[in-house]
Amino acid sequence: MKKTIIENLFPIINVFSVIVSLLLLFRQMYTEEPGRGGVSIGNVTYSLKHAQRKRDGQTIYYDLERTVPVFRGDTIRTARDSEAEITFQDGTRLRIDQVSMVILNSEKQNINVELKSGSLRAMRQDSAGSSGSLRIESQGTSVQVQEGDIGLAAQNGGELTLNVNTGRAVLTGRSDNESGTTMQEGSVAHVTARGTQVAVQRLIPVAPLDGARLIAHEDSAEITFRWENHDNNAVLFEISRFNQFNSIYTQRVVREAGLNLALESGTYFWRVSAAGDKSGGPELSKAMKFTVIANPAPRLFSPDNGALIQSPDASALVDFSWSSNPLAAAYEVVIARDPEFKQVLQRIECASSSVTLPIEQGRYYWRVSTSATEPGAGMTSQSQLFVLEKKAAAPVLVRPIGNEPITQALLADEGALFIWRQGSNRGASILRISRQSSLTDTVLDRPVEGNSFNFKQVLPPGRYYWSVSANTAGVRSEPASFLVVSTEKPVLLEPESEIHILEGMPRQFAWKGQTPGSAYRLMISHDRSFSNLAAERTASRERVVVNDLSPGHYFWQVQELSRQGRVLVTSESRGLVVETVELPLIAVPVFPRDEETIDIGQTGSLKFRWVRTAGARSYTVRIISTQGNPIHTFTTERTEYEIKDLKRFYPGEFLWTLTALDDRRQGSPVTNRFRIIYERKLGAPVINSPEEQYVPQ
């Protein structure tokens, strides 16, 4: 049947739609256009580990890099042990803690931030040249800051904690009036469903400062904790990985105003608590966040210390690599003639932890230094020695190597191919084959042009060694060994002899050859002499899957082939029986389902549907009443049927039986029960005439 123009264009339209969709996805993932508004409201000035950003109107988060701009509508999220810092155009800094999410919104000179989860710290100076303010919203509560340093944490159950470190803040809770509560420096507020409680801190953490980033040059760092305790009572010191302290990392009772503790790299929160007055419970200090950042010195990988690098030329490209540093903005590779680095030859700066440099022959020392993003965090590695000397490159043997077996039949038929790479040699090479690893008693010793030689000579079974020498440079490759083995037939593995398999079922034929990389021919025949082949497959591996054998008795065998396709050796043969199997005719009704109710007042007809059964040619449907009275019977080749004449169908229960049939069999009937109701809904009455009526009084 001739296709229409639309049908011919349909594949092209599909391909075009896929391309457009991919382009739109690529644009969403990699475009640098902002979401709402085309002007940047600030920049990312710090990010640690897994901090990500999603633009307004998009669904994909991507890693947040330092110095990239942020825009109105951006969503920033952080994972565990991760954080990010945003500096807005007026100098306001927003530090986003681990496991947190914020949405950035700004209007004119005002900065609006929505804290969706986690915690943050905001630092703003009124002298920044802006007449606006900073407003943070979270869970129905807003905090407005004109100048100061505040911390806000959203806790489980909808609770909030606000700490005013410096300056002032106006807190408007869920039940507060429009003017809100003005909080002074050193105060803390807890916002719950019961209301807002503001208190002045008597326990004041001093060090580490909130948001401090501490550098650990080893696996851990010794951290000094200090606080002010106006009551001079014993306090409970606590450290947690989470700002809600729902899991305590360590805790201890301390009578002094500080202690020292060794901590490994990661993000932590610490606080102190003491018994409160008679009217309240224990007093908690502000939770202080700090991060211990591992800053190990780079470890030099390559060239290794004392490495000897040989090159056939006066200079060579040398690969330098070392371990990366999380605080490194750049690396400086220094190469010198002396271990004190007074005679510096090269000083290269790079952004990655590897570089390739041209080096002339000589004895050198090298080391790597980091330029860090944090003050005082630069590190320098230990120095390592390497030597570059000129030496002609020996040929490199390619095959046969690693005791690779070579059959006598292959040597006699077409020979074994010996391959090598030339090295520095540009002329003829000398190929030697021997029974000894010292290559003293040779069976072949001859010059060869090029980088390969086809050795065609039958050798006794055993282990042999071979090597290639550069005729002009005088260097010889390391010897490699190979095995000459007597010719053996491929060993048949599966299927087993005279096994019975089902028609149409995929079956794997597998065997074990003698020579790796050989080609094979699988033959399946109706007779033992293999004169009437039913199937033939050529394979480069030792297995083949066959699934197109008709019922009958077969024999199969495998031939190992040479590179030219000639038969080297043939395996024994095995018998095989393929049987046919009849699948049961099982009908599967779809509609009406068992115990389903049908409103014929709405449908106006009865529809029956079922799944096509494998092997079925037609289907018979019988509809009877629950008393066994026949109502309707039909036979069809389709998988659906509709009854529009509903005179014999009344409200009540019925049974329908579905039977699948082929040319000579009838499947088992399947019966479903269904219920008919008649609930035709009448519309509102409409008055057609007369349009106006007059009623005498």
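Listed values, structure above:
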{"quantity": "Unique residue being more than 25 Å from Ile293 (Cβ to Cβ), modelled with pLDDT under 85 and not small (Gly, Ala, Ser) when the list is Ile150, Ile60, Ile136", "calculated": "Ile60"}
{"quantity": "In segment 420-433, the residues that are open to solvent by less than 20 Å² (accessible area, probe 1.4 Å) and within 24 Å of Arg563 (Cβ to Cβ)", "calculated": "Trp420, Ser429, Leu431, Ile433"}
{"quantity": "Failed criterion for Ser625 (all others in (1) over 50 Å from the mean Cα position of the chain (by Cα); (2) loosely packed, with under 13 Cβ neighbours inside 10 Å hold)", "calculated": "(2)"}
{"quantity": "Yes/no for Leu417 being open to solvent by 50 Å² or more (accessible area, probe 1.4 Å), of a type outside the set (Phe, Trp, Tyr), touching a residue at least 24 places away in the same chain (Cβ under 8 Å) and assigned to a strand (DSSP E or B)", "calculated": "yes"}
{"quantity": "Positions within segment 628-652 being part of a strand (DSSP E or B), surrounded by fewer than 13 Cβ atoms within 10 Å (Cβ to Cβ) and more than 49 Å from the chain's Cα centre (by Cα), in sequence order", "calculated": "Pro630, Thr633, Phe634, Thr635, Thr636, Glu642, Gly652"}
{"quantity": "Segment 606-621: number of residues that are open to solvent by 60 Å² or more (accessible area, probe 1.4 Å) and either touching a residue at least 40 places away in the same chain (Cβ under 8 Å) or touching a Gly at 6+ places or on another chain (Cβ under 6 Å) (or both)", "calculated": "1"}
{"quantity": "Any pair with Cβ under 7 angstrom, 6 or more apart, that starts in segment 345-372 at a residue that is in contact (Cβ under 8 Å) with a residue 60 or more places away in the chain and ends at one that is surrounded by fewer than 15 Cβ atoms within 10 Å (Cβ to Cβ) and of a type in the set (A, V, I, L, M, F, W, C)", "calculated": "Ala372/Ala329"}
{"quantity": "Complete set of residues in segment 480-494 that are surrounded by fewer than 19 Cβ atoms within 10 Å (Cβ to Cβ) and part of a loop (DSSP other than H, G, I, E, B)", "calculated": "Ser486, Thr487, Glu488, Lys489"}
{"quantity": "Selection within segment 458-467 - open to solvent by 10 Å² or more (accessible area, probe 1.4 Å), of a type outside the set (Phe, Trp, Tyr) and in a strand (DSSP E or B)", "calculated": "Gly462, Arg463"}
{"quantity": "Flag for Arg593 being touching an Asp or Glu at 6+ places or on another chain (Cβ under 9 Å) and open to solvent by 70 Å² or more (accessible area, probe 1.4 Å)", "calculated": "no"}
{"quantity": "Residue within segment 575-594 that is of a type outside the set (Val, Ile, Thr) and under 30 Å from Asn454 (Cβ atoms) present", "calculated": "no"}
{"quantity": "Those residues of segment 362-391 which are crowded, with 17+ Cβ neighbours inside 10 Å and out of contact with any Phe, Trp or Tyr (no Cβ under 8 Å at 6 or more places or on another chain), in sequence order", "calculated": "Ala372, Ala377, Gly378, Met379"}
{"quantity": "From Phe509, Phe455, residue being crowded, with 17+ Cβ neighbours inside 10 Å and within 24 Å of Ile419 (Cβ to Cβ)", "calculated": "Phe455"}
{"quantity": "Residues located in segment 297-328, provided they are under 38 Å from the mean Cα position of the chain (by Cα), open to solvent by 80 Å² or more (accessible area, probe 1.4 Å) and over 19 Å from Arg367 (Cβ atoms)", "calculated": "Leu317"}
{"quantity": "Test: residue in segment 211-220 that is in contact with a Lys or Arg (Cβ under 8 Å, 6 or more places away or on another chain) and open to solvent by 40 Å² or more (accessible area, probe 1.4 Å)", "calculated": "no"}
{"quantity": "Near pairs, Cβ below 6 angstrom, 6+ apart or cross-chain, from segment 282-304 (over 25 Å from Ala372 (Cα atoms) and of a type in the set (Asp, Glu)) to any residue that is in a strand (DSSP E or B) and open to solvent by 10 Å² or more (accessible area, probe 1.4 Å)", "calculated": "Glu283/Ala274"}
{"quantity": "Check on Thr45, of a type in the set (Ser, Thr, Tyr), open to solvent by 50 Å² or more (accessible area, probe 1.4 Å) and assigned to a loop (DSSP other than H, G, I, E, B)", "calculated": "no"}
{"quantity": "Long-range neighbours under 7 Å by Cβ, at least six apart or interchain, first residue open to solvent by 40 Å² or more (accessible area, probe 1.4 Å) within segment 69-83, second assigned to a strand (DSSP E or B)", "calculated": "Pro69/Ser40; Pro69/Asn43; Arg72/Ile41; Arg72/Leu104; Arg72/Asn105; Arg72/Ser106; Arg77/Gln52; Arg77/Met101"}
{"quantity": "Qualifying position, being at pLDDT 90 or above and among the hydrophobic types (A, V, I, L, M, F, W, C), among Leu385, Leu327", "calculated": "Leu385"}
{"quantity": "Selected residue (criterion: surrounded by the most Cβ atoms within 10 Å (Cβ to Cβ)) from residues of segment 434-452 that are not basic (Lys, Arg) and not in a loop (DSSP other than H, G, I, E, B)", "calculated": "Ser434"}
{"quantity": "Enumeration of residues in segment 592-613 that are of a type in the set (Val, Ile, Thr) and farther than 17 Å from Gly667 by Cβ", "calculated": "Thr597, Ile598, Ile600, Thr603"}
{"quantity": "Scan of segment 284-334 for residues that are touching a Gly at 6+ places or on another chain (Cβ under 9 Å) and of a type in the set (Ser, Thr, Tyr), ordered by number", "calculated": "Thr291"}
{"quantity": "Strands (runs of 3 or more DSSP E) fully within segment 84-127 counting 2 or more residues that are touching a residue at least 60 places away in the same chain (Cβ under 8 Å) and buried (at least 21 other Cβ atoms within 10 Å of the Cβ)", "calculated": "101-107, 110-124"}
{"quantity": "Candidate set from segment 495-506 (those that are at pLDDT 85 or above and surrounded by fewer than 14 Cβ atoms within 10 Å (Cβ to Cβ)); member that is nearest to the chain's Cα centre (by Cα)", "calculated": "Glu496"}
{"quantity": "Members of segment 540-571 that are over 23 Å from Phe455 (Cα atoms), under 39 Å from the mean Cα position of the chain (by Cα) and loosely packed, with under 15 Cβ neighbours inside 10 Å", "calculated": "Arg541, Arg543, Val545, Asn547"}
{"quantity": "Top-ranked residue of segment 512-538 - restricted to ones that are touching a residue at least 24 places away in the same chain (Cβ under 8 Å) and among the small types (Gly, Ala, Ser), ranked as most open to solvent (accessible area, probe 1.4 Å)", "calculated": "Ala519"}
{"quantity": "Given (1) under 27 Å from the mean Cα position of the chain (by Cα); (2) farther than 30 Å from Arg213 by Cβ; (3) among the charged types (D, E, K, R); (4) at pLDDT 70 or above, number of the condition Arg53 does not satisfy", "calculated": "(2)"}
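The values are calculated or read from the model by the stated rules, or taken from the named source; none is laboratory data. All values derive from a computational prediction rather than experimental measurement. So basically every Cβ, Gly included, is an ideal-geometry build from the backbone, and we count neighbours across all protein chains shown. Calculation scope for accessible area: heavy atoms of the full protein, side chains included, ligands and nucleic acids excluded. Shrake-Rupley method; radii C 1.70, N 1.55, O 1.52, S 1.80 Å.
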